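Everything below concerns the one structure shown next.
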Number of protein chains: 2
Amino acid sequence: MNEKRTFSISELSQEFDVTTRSIRFYEDQGLLKPARRGQTRIFSTKDRVRLKLILRGKRMGFSLAETKELFDLWDETLTGNEKQLLKMLEILGARRDQLEQQKNDIVQAEMEIDTAEARCRESLDELQKKKKQQGIKAKESEPTTT
Amino acid sequence: MNEKRTFSISELSQEFDVTTRSIRFYEDQGLLKPARRGQTRIFSTKDRVRLKLILRGKRMGFSLAETKELFDLWDETLTGNEKQLLKMLEILGARRDQLEQQKNDIVQAEMEIDTAEARCRESLDELQKKKKQQGIKAKESEPTTT
DNA sequence: AAACCGCTTTACGTTTACGTAAACTTTATC
DNA sequence: GATAAAGTTTACGTAAACGTAAAGCGGTTT
C-alpha cells in the first residue's frame, strides 16, 4: 500500500518545477522532514504529497505558516486527543468557508472576464468595419489603368 | 447611471476592513487615483470598484503588480488600439486558464477536507465508545447502598 | 485660544519567501 | 585518481506589502 519509493531533491525539483532552494527552505521552516543518508536528503512519498500540498496552498493564497499549522495539527490529530480533534474539525470548517468565498470570487472574476472580453470583441469588430470602409473608399478612388 | 457619490479614506477603510495605510499604499503603487480637495483624498465610485477588485485579487493570490497590470491594460484598451485589444484578449484567456486551475485546486482541497473530517469523526466516535465502556465499568463496580 | 479630530507626508522597520554567491563534501564517470 | 556533477551549509541580499512612529496641517468643538 504505502509506496516506499524515495526521491532526490532534484527529482522533486523537476517534477514540481520548484527550485531546490525552495525545497530546502520548506524543510527549514518545518514543512518537510526528509530522511538523511549522510548529508543528502531522501524524500519519501509522504514528503512528496506534502510538497504538492504546499504548492497548491500557495496557488490558493495560503502562506507557508498557515500550511505548516495545518500539517502540525494533522500530525497531532493522529495521536487522538479529543480536544485536538475538535479543534481540527473547527479549522476544517473554517477552511470550507474560505473555499466557499474563493468559489464566489472565482464566479465573480469569470463574469467580469466575460464582459471584458465582450467589450474587447466589440471594439475589434468596429475597427474591422472601419478598415473595410477605408478599403472600399480606396478602391473607389483607384485610378483606372484602361 | 454612473453614481457620483464620493468616499473618504476612512469610509472605504471601514467598509472593506482595510487600513488607511494600505489604501494610501495602493495609491502610491498606482492602483488607485483618488481626486484631491487640497490635501485630502476624495475617492470616486470607480476607485471603490478598483479597491474591491484589488482585495479580491489578493484573496485569489494575485500580487498588486499583477492587478495593476490588468488595470493599466484595461485603461489602455479603452483607447482602442488593435494590438492592445488583442493583447487584452490574450491575457483574459490566460486568466481564464488560471481560474480553471484554481477551481481544480478547490475541488481537490474539498475532497481532502472531506476525508480529513471523516477521519476526525471516526476517531471521536471511538473515544466516545471508550468513555461509555468506562462508564459502564464504573457503574458495575459501584457499591450498593442497600 | 486650546485641545482634539481626522487627514496628510516622510521615512525607517518588519515579515515572507525565496535568490544568489561562496566554499565545501559526496558521488558518479572517465 | 582526477574531475565533473550533484548535493550540502552558511550567510548576505531582495522584493512585496504593509506596520509603525513622528510631525505637521486644517477644521471644530469647548
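Return the residues of the stretch B:17-36 that are more than 9 Å from DNA strand C (Cβ to nearest atom) and more than 14 Å from chain A (Cβ to nearest Cβ); say none if nothing qualifies.
Looking only at the stretch B:17-36, we keep the residues that are more than 9 Å from DNA strand C (Cβ to nearest atom), and these are B:17-19, B:22, B:26, B:29-33, B:35.
Across the stretch B:17-36, the qualifying residues are B:Val18, B:Thr19, B:Ser22, B:Tyr26, B:Gln29, B:Gly30, B:Leu31, B:Leu32, B:Lys33, B:Ala35.
Just one of (1) within 16 Å of DNA strand D (Cβ to nearest atom); (2) surrounded by 12 or more Cβ atoms within 10 Å (Cβ to Cβ) trips up A:Gly38, so point out which.
Result: A:Gly38 fails condition (2) only.
Within the stretch A:42-55, work out how many residues are within 12 Å of DNA strand C (Cβ to nearest atom) and among the basic types (Lys, Arg). Show your work before the answer.
To start, the set of residues in the stretch A:42-55 that are within 12 Å of DNA strand C (Cβ to nearest atom) comprises A:42, A:51, A:54-55.
Next, from what is left, pick out any that are among the basic types (Lys, Arg): none.
Residues meeting the conditions: 0.
Checking the conditions here, which among B:Ser10, B:Ser44 is surrounded by fewer than 13 Cβ atoms within 10 Å (Cβ to Cβ), hydroxyl-bearing (Ser, Thr, Tyr) and at pLDDT 90 or above? Write out each step before concluding.
On the way: B:Ser44 fails: surrounded by fewer than 13 Cβ atoms within 10 Å (Cβ to Cβ).
Among B:Ser10, B:Ser44, only B:Ser10 is surrounded by fewer than 13 Cβ atoms within 10 Å (Cβ to Cβ), hydroxyl-bearing (Ser, Thr, Tyr) and at pLDDT 90 or above.
So the check is Cβ under 8 Å with 6+ separation or different chains; which pairs have a first residue in the stretch A:29-40 that's over 24 Å from A:Ala65 (Cα atoms) and a second one that's away from DNA strand D (no atom under 11 Å from the Cβ) and among the hydrophobic types (A, V, I, L, M, F, W, C)?
Partner pairs satisfying both residue conditions: none exist.
Quick check on this structure: which one of B:Lys58, B:Lys103, B:Lys83 is at pLDDT 85 or above and more than 30 Å from A:Arg96 (Cβ to Cβ)? Show your work before the answer.
Details: B:Lys58 fails: more than 30 Å from A:Arg96 (Cβ to Cβ); B:Lys103 fails: more than 30 Å from A:Arg96 (Cβ to Cβ).
On inspection, the qualifying residue turns out to be B:Lys83.
Inside the stretch A:51-62, can you point out the residues that are within 16 Å of DNA strand D (Cβ to nearest atom) and either on the phi > 0 side of the Ramachandran plot or away from every other protein chain (no Cβ under 11 Å) (or both)? So that I can check it myself, show each step before the final result.
Taking the stretch A:51-62 first, the residues within 16 Å of DNA strand D (Cβ to nearest atom) are A:51, A:58-62.
The answer is A:Leu51, A:Gly61.
Give the stretch B:14-32 a look and list any residue that's loosely packed, with under 14 Cβ neighbours inside 10 Å and either more than 9 Å from DNA strand D (Cβ to nearest atom) or among the β-branched types (Val, Ile, Thr) (or both), or say none.
B:Gln14, B:Glu15, B:Asp17, B:Thr19, B:Gly30, listed by residue number.
Inspect all residues belonging to the stretch B:70-85 and state whether any of them is within 14 Å of DNA strand C (Cβ to nearest atom), within 12 Å of chain A (Cβ to nearest Cβ) and either part of a helix (DSSP H, G or I) or touching a Lys or Arg at 6+ places or on another chain (Cβ under 8 Å) (or both).
If we filter the stretch B:70-85 for residues that are within 14 Å of DNA strand C (Cβ to nearest atom), which is where we start, we get none.
Looking for residues that are within 14 Å of DNA strand C (Cβ to nearest atom), within 12 Å of chain A (Cβ to nearest Cβ) and either part of a helix (DSSP H, G or I) or touching a Lys or Arg at 6+ places or on another chain (Cβ under 8 Å) (or both), one finds none in the stretch B:70-85, hence no.
Which residues, taken from the stretch A:63-88, are under 20 Å from A:Ser13 (Cβ atoms) and either assigned by TED's automatic domain parsing to the domain that holds A:Asp17 or within 16 Å of DNA strand D (Cβ to nearest atom) (or both)?
A:Leu64, the sole residue that qualifies.
The values are calculated or read from the model by the stated rules, or taken from the named source; none is laboratory data. Treat the numbers as computed from the prediction; the structure is a model and nothing was measured. Cβ: placed from backbone, ideal geometry, glycine included. Neighbour counts: every protein chain shown.
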